[in-house]
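J.: Sharing a structure, written as structure tokens. Questions coming.
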Amino acid sequence: MNVLWNGEMTEDFRPGRGIRQGDPLSPYIFVLCIERLSHGIIQTVNQGRWKPIRLTRIGTPLSHLFFADDLLLFLEANYAQVDVLNDVVENFCRSSGAKVSKQKTQIFFSKNVPVTLASGIGKALGFSITNNLGRYLGMPLLHDRVSKKTYQSIIDKIDQRLSGWATKHLSLAGRVTLAQSVLQAIPIYTMQTTYLPSSVRVKIDQLCRRFIWSGASSQRKLSLVSWNNICRPKMAWDLFINPSKLCSPVLISKYVAPSDIPITNVPTKNCSYLWRSVGKIWKDFQKGLRWSIGNGQRVKFWDDIWATN
């Protein structure tokens with residue numbers, strides 16, 4: 001390899017130790033290598049061999065999702081696709097020197113796949129079958145009805161933060177700053193894609209409110225300002241401001257009729273929890289978007305859908 005130093009290339013040299021965990025070059029090299037696997041999957045899909053899944057018959061096909069060192073591969077559940085998957089992965093392993101960790105790999109089937117077929121595919125691939133994919137990127141992958149228990153970890157994190165703070169040394173302004181910058185930031189990551197259950201939202205508000213006015217999460221004290229005047233909903237903005245992102249055409253093709261684009265109506269029946277969450281705050285989102293345009297902010301999406309309103 002060479003090093004670009006002050007605009008000039010140095011002489012060639014061969015690394016003596018290679019890339020180790022924590023090396024700043026490691027993420028870049030991983031991205032370059034894993035891009036080869038993506039090209040192989042796309043090529044196989046274009047050849048008609050790899051059968052991606054679709055949320056609807058005319059929906060956007062999903063064949064793979066990559067993030068950091070996590071890979072999600074989507075195929076139809078049949079033995080022919082097992083051979084296709086093995087061919088693509090083995091070809092990538094030969095060219096990159098990587099190996100598949102079957103102990104860390106899990107396979108998930110939809111409820112429409114017969115148990116005998118799922119068991120046979122799992123044995124053919126050598127992966128363990130799971131009914132719950134757990135968490136991905138810090139978010140629980142929802143399989144059952146959402147309840148307070150699903151997001152109990154958020155409340156636990158807030159409790160841990162509160163228990164570690166010496167609140168008797170904090171002024172009211174200091175407690176407000178901590179609540180805004182730390183406590184309110186904990187659920188924001190989850191709220192980007194999920195409308196939290198009312199019980200979870202009430203509990204988070206209760207902890208923050210008590211911390212601000214009394215300095216402790218377990219003590220109640222008279223509130224000087226209405227909590228509704230402090231809080232405002234946050235959600236759905238990025239989904240519609242950036243329609244080129246993969247999630248936008250996938251969700252819109254499944255839940256929005258062509259006659260409703262530009263989107264004026266968000267149906268909330270017979271849909272996923274994610275889309276139902278978007279529907280619950282859609283009116284507030286419309287108000288916020290119109291306010292942004294009315295105040296001179298340049299918002300461009302869906303061919304300026306609000307420009308004619």
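J.: So in segment 104-134, with the set limited to residues that are in a loop (DSSP other than H, G, I, E, B) and in contact (Cβ under 8 Å) with a residue 24 or more places away in the chain, which one is nearest to Leu55 (Cα to Cα)?
T.: Residue satisfying both the conditions and the ranking: Ser110.
J.: Okay, next question. Which condition number does Lys111 fail, the rest of (1) closer than 21 Å to Leu73 by Cβ; (2) surrounded by 13 or more Cβ atoms within 10 Å (Cβ to Cβ) being met?
T.: (2)
J.: So which residues in segment 9-57 are of a type in the set (Val, Ile, Thr) and in a helix (DSSP H, G or I)?
T.: Selection gives Ile29, Val31, Ile34, Ile41, Ile42, Thr44, Val45.
J.: Evaluate segment 171-178: report whether one residue or more is basic (Lys, Arg) and touching a helix residue (DSSP H, G or I) at 6+ places or on another chain (Cβ under 6 Å).
T.: yes
J.: Next up: Among (1) assigned to a loop (DSSP other than H, G, I, E, B); (2) of a type in the set (Ser, Thr, Tyr); (3) open to solvent by 90 Å² or more (accessible area, probe 1.4 Å), which single condition is Thr60 missing?
T.: Every condition holds for Thr60 apart from (3).
J.: Can you spot a residue in segment 138-146 that is over 30 Å from Asn265 (Cα atoms), modelled with pLDDT of 75 or more and either of a type in the set (Phe, Trp, Tyr) or open to solvent by 30 Å² or more (accessible area, probe 1.4 Å) (or both)?
T.: No, there is no match, as no residue in segment 138-146 is over 30 Å from Asn265 (Cα atoms), modelled with pLDDT of 75 or more and either of a type in the set (Phe, Trp, Tyr) or open to solvent by 30 Å² or more (accessible area, probe 1.4 Å) (or both).
J.: Also, I was wondering about something else. Taking segment 22-38 on its own, how many of its residues are modelled with pLDDT under 85 and touching a helix residue (DSSP H, G or I) at 6+ places or on another chain (Cβ under 6 Å)?
T.: Going through segment 22-38 one residue at a time, the tally reaches 1.
J.: Checking Thr177 against (1) more than 30 Å from Lys102 (Cα to Cα); (2) under 24 Å from the mean Cα position of the chain (by Cα); (3) open to solvent by 70 Å² or more (accessible area, probe 1.4 Å); (4) β-branched (Val, Ile, Thr): exactly one of these is not met. Which one?
T.: Result: Thr177 passes all but (2).
J.: Quick test for you: out of Ile19, Ile41, Ile58, pick the one residue that is closer than 29 Å to Pro249 by Cα and at pLDDT below 90.
T.: Only one candidate qualifies: Ile58.
J.: Sticking with this one: If Gln192 satisfies all but one of (1) touching a residue at least 12 places away in the same chain (Cβ under 8 Å); (2) open to solvent by less than 70 Å² (accessible area, probe 1.4 Å); (3) within 19 Å of the chain's Cα centre (by Cα), what's the number of the condition it fails?
T.: (2)
J.: Of everything in segment 234-278 that's of a type in the set (A, V, I, L, M), under 21 Å from Met191 (Cβ atoms) and open to solvent by 50 Å² or more (accessible area, probe 1.4 Å), which residue is modelled with the lowest pLDDT?
T.: Step by step, filter segment 234-278, then rank; the result is Leu274.
The values are calculated or read from the model by the stated rules, or taken from the named source; none is laboratory data. Values in this document were obtained by computation on a predicted structure and should not be read as measured data. Please note: Cβ atoms are built from the backbone with ideal geometry, for glycine as well, and neighbour counts cover all protein chains shown. Surface accessibility is based on the protein's heavy atoms, side chains included, excluding ligands, DNA and RNA. Shrake-Rupley method; radii C 1.70, N 1.55, O 1.52, S 1.80 Å.
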